[in-house]
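The values are calculated or read from the model by the stated rules, or taken from the named source; none is laboratory data. These figures come from a predicted structure and were not determined experimentally. Virtual Cβ from ideal backbone geometry, glycine too; neighbours counted across all protein chains shown.
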Amino acid sequence: MKRKIERKDWLLFALIILFALLPAIPGIRENSLTMHVILMIFLMASMSQSWNIVGGYCGQVSFGHSVFFGIGAYGAAMAVVKYGMTPWPGALAGAFLAAGIAVLISWPVFRLSGHYFAIATFAIVEIFNRLFMVWYWVGGAIGLDYSITEQGIVNFVWYQSKVGYYYGALVLLGLVFGVVRWMERHRIGYYLRAVREGQETAEALGVDSTKAKLSAMAVSAFLAALCGAFFAQYNYRVDPPMVMSLDMSMKFVLVTILGGTGTLFGPLVGAAVLVPLQEYSRALLGGLGGGVDLIIFGLLIILVVVKQPKGVVGIFSYLRRRMVERESVGKEND
Amino acid sequence: MIAFLQVLVNGILNGLVYALVATGLSLIWGVMDVINFAHGDYLMVAMYTSFWIGALLGVDPVLSWIVSGAFLFLIGALTYKLIIRYTVGRSAISALLATFGLSMFLKNVCLYLFSPNFRLLSKTVLGGKTIETGGVIFPVPQLVTALSALVVIVLVYYMVKKTRLGWAIQATAMDKEAAELMGIDTERIYLLVFGLGGSCVGIAGGLLPSYLAVHPEVGLLFGLLAFVIVAMGGFGSIPGALFAALMVGLVESFSGFFIAPVFKYVAVFALYLLVVMVRPKGLFGW
């Protein structure tokens, strides 16, 4: 089936080219905080986009994605720390494992709805967190620390500069957004949205809602795990509270909600707003001690949720609608 | 046998405290269909209130729960006025995310003001006392807290079921528009319910410092357990919350004693998943 390339595709493509050229601008490559913030935006956007498949397009608000993220992180870290391999097979194994576990867990949990579903996913995160805390094979509460290996793409570690990580995160971003864009345009994407809008109606029209939801979950968990693997590589370590916690799960949801759920660019916009807020408030206020940055961050979250429930993308589409309306009103007056 | 009874007693005593915390959450959930993610942090704030009243003014937690209960009523009402009011009628998670922000705010304000140190009131009226019957030890602070929790739960239940205010609350929970047509000021009911929910957890938090140390993260576990208890008990059902809380308390203490302490919360959360698999709307839900 041949499909027209839409404006969205061009925009996505142009953005990725733009991001790829960004480090060439003098002053950006040298400033490691700037590089850190931008690549964290890529990572956050990819994480939230992976969540968006299930939470946005399919409307199943999961707070359990840090489990899949964590499995990916542990996959990479186990390969490097325990087996002395490169992180690649570990990341891939972690991603498949996460997808498998996601399907196994979600099968029963998808029967729940609303708050019951949300709380079940909380419970799952807590179970995984506590099990990993005492599981000595994966490092227990201490976690896994990377020893120094040769830097480069093979080991996926860099020490002096962040350029390697930058392009790594960009590739991740391209992959995740590409997959979601593909889903958006193909049958599965329509199935997911149909299930979100009304499961009974969708089923009446012949959509196998369980299959649609489970496949969304599997893809979502797979991509979240890849993000986790990147995160472990970037931090040279992994431990349970860092990757498998409610706070981490919340980030997946928050960024997407802030940007706009169920939209292609929502997660990127959300990350572009939230990550700099978080990173710069930490850089500027973190030194005051006692979590001043998090006080501000907490207030901002409240403000954003209260004032802009449809996310930043919602503001844009509202403005565009207003402009279109104004144009048509203008034409009528002519 | 004595060990078994002791574990049973500990489980019930803890369970009753969880039940009071969960009752506050259950009220809010049942009436407004909102999960208050900051509920655990309410408990933390209440514990700090009671702790500082004890440390600075020398008032014992057996009295200062009144203050923390009132203070948390205020905080609950403010939460409604400033945050929740704007999320009513929107998607269910917007309130949850907004209260997640609130949770972050409260936790870090306390961290900033009071440091992450664990603080325990040293000389309390009840502290350290025990009653022993037939080899089973009842620690007095836990006993008093648990019994007070039970009294408050019964009072709240009575209020909801038997008073005119309670009927108004039930009516609002069932059908907001219809309740408004009957002349109920639902806005005021919401405010009141959020305040009452705060008060429940405020009273629990007020009593706890006589045996539990306060620190900024203390509410996290209580909050999580409260979510699980309320969901397990069923949508807004206070008897359900009480029953589920006792189950949680017992599972926690038995698995901690007979399996391993590190697995006790794994067991609790697994129990929750098991229960909702069989009854997706909770034990007493419909």
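Is it true that B:Phe73 is touching a Lys or Arg at 6+ places or on another chain (Cβ under 7 Å) and not small (Gly, Ala, Ser)?
The answer is no for B:Phe73.
With the requirement that a residue be assigned to a strand (DSSP E or B) and either under 12 Å from B:Pro61 (Cβ atoms) or in contact with a strand residue (DSSP E or B) (Cβ under 8 Å, 6 or more places away or on another chain) (or both), what does the stretch B:100-148 give you?
Within the stretch B:100-148, B:Arg119, B:Thr130, B:Ile131, B:Glu132, B:Ile137, B:Phe138, B:Pro139 meet the criteria.
Would you mention how many residues in the stretch B:256-286 are in a helix (DSSP H, G or I), more than 20 Å from B:Ile12 (Cα to Cα) and within 8 Å of chain A (Cβ to nearest Cβ)?
So the answer is 3.
The rows are residues; the columns are (1) more than 24 Å from A:Asp247 (Cα to Cα); (2) surrounded by fewer than 18 Cβ atoms within 10 Å (Cβ to Cβ); (3) of a type in the set (Phe, Trp, Tyr).
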site: A:Tyr136; (1), (2), (3): no, yes, yes
site: A:Leu144; (1), (2), (3): no, no, no
site: A:Asn155; (1), (2), (3): yes, yes, no
site: A:Val163; (1), (2), (3): yes, yes, no
site: A:Ala169; (1), (2), (3): no, no, no
site: A:Gly178; (1), (2), (3): yes, yes, no
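Between a residue in the stretch B:152-174 that is touching a residue at least 60 places away in the same chain (Cβ under 8 Å) and on the phi > 0 side of the Ramachandran plot and any residue that is of a type in the set (Ser, Thr, Tyr) and part of a helix (DSSP H, G or I), which pairs come within a Cβ distance under 9 Å, given they are 6 or more apart or on different chains?
Sorted first by the residue in the stretch B:152-174, then by its partner, the list stays empty.
Can you tell me which residue among A:Ala272, A:Ala224, A:Ala283 is touching a residue at least 60 places away in the same chain (Cβ under 8 Å) and either buried (at least 23 other Cβ atoms within 10 Å of the Cβ) or among the hydroxyl-bearing types (Ser, Thr, Tyr) (or both)?
A:Ala224
Quick check, is B:Phe227 within 13 Å of chain A (Cβ to nearest Cβ), within 16 Å of A:Leu112 (Cα to Cα) and over 12 Å from the mean Cα position of the chain (by Cα)?
no
Can you give me the number of residues within the stretch A:285-300 that are more than 8 Å from chain B (Cβ to nearest Cβ) and at pLDDT 80 or above?
Residues meeting the conditions: 1.
Report yes if B:Ile53 is touching a Ser or Thr at 6+ places or on another chain (Cβ under 8 Å) and β-branched (Val, Ile, Thr), otherwise no.
For B:Ile53, the condition - touching a Ser or Thr at 6+ places or on another chain (Cβ under 8 Å) and β-branched (Val, Ile, Thr) - is met.
Any residue at all in the stretch A:17-31 that is more than 18 Å from A:Ala169 (Cβ to Cβ) and basic (Lys, Arg)?
The answer is no, given that none of the residues of the stretch A:17-31 is more than 18 Å from A:Ala169 (Cβ to Cβ) and basic (Lys, Arg).
Within the stretch A:131-151, count every residue that is within 14 Å of chain B (Cβ to nearest Cβ) and without any contact (Cβ under 8 Å) to a residue 40 or more places away in the chain.
5
Working only within the stretch B:233-253, note down all residues that are modelled with pLDDT under 90 and within 13 Å of another protein chain (Cβ to nearest Cβ).
Listed by number, the residues that qualify are B:Gly233, B:Gly234, B:Phe235, B:Gly236.
Tell me, yes or no, whether the stretch A:103-115 has at least one residue that is within 23 Å of the chain's Cα centre (by Cα), more than 20 Å from A:Gly64 (Cα to Cα) and either within 14 Å of chain B (Cβ to nearest Cβ) or surrounded by fewer than 20 Cβ atoms within 10 Å (Cβ to Cβ) (or both).
Checked the stretch A:103-115: no residue is within 23 Å of the chain's Cα centre (by Cα), more than 20 Å from A:Gly64 (Cα to Cα) and either within 14 Å of chain B (Cβ to nearest Cβ) or surrounded by fewer than 20 Cβ atoms within 10 Å (Cβ to Cβ) (or both).
Do we have B:Ser103 as facing chain A (nearest Cβ under 8 Å), more than 30 Å from B:Val7 (Cβ to Cβ) and surrounded by fewer than 18 Cβ atoms within 10 Å (Cβ to Cβ) here?
no
Take the stretch B:107-144 and flag every residue that is buried (at least 23 other Cβ atoms within 10 Å of the Cβ) and either within 14 Å of chain A (Cβ to nearest Cβ) or among the β-branched types (Val, Ile, Thr) (or both).
B:Lys107, B:Cys110
Could you please let me know if B:Leu63 is assigned to a loop (DSSP other than H, G, I, E, B) and either of a type outside the set (Asp, Glu) or within 14 Å of chain A (Cβ to nearest Cβ) (or both)?
No.
Within the stretch B:172-196, can you find the residues that are basic (Lys, Arg) and either touching a strand residue (DSSP E or B) at 6+ places or on another chain (Cβ under 8 Å) or over 21 Å from B:Leu72 (Cβ atoms) (or both)?
Within the stretch B:172-196, B:Lys176 is the sole residue that qualifies.
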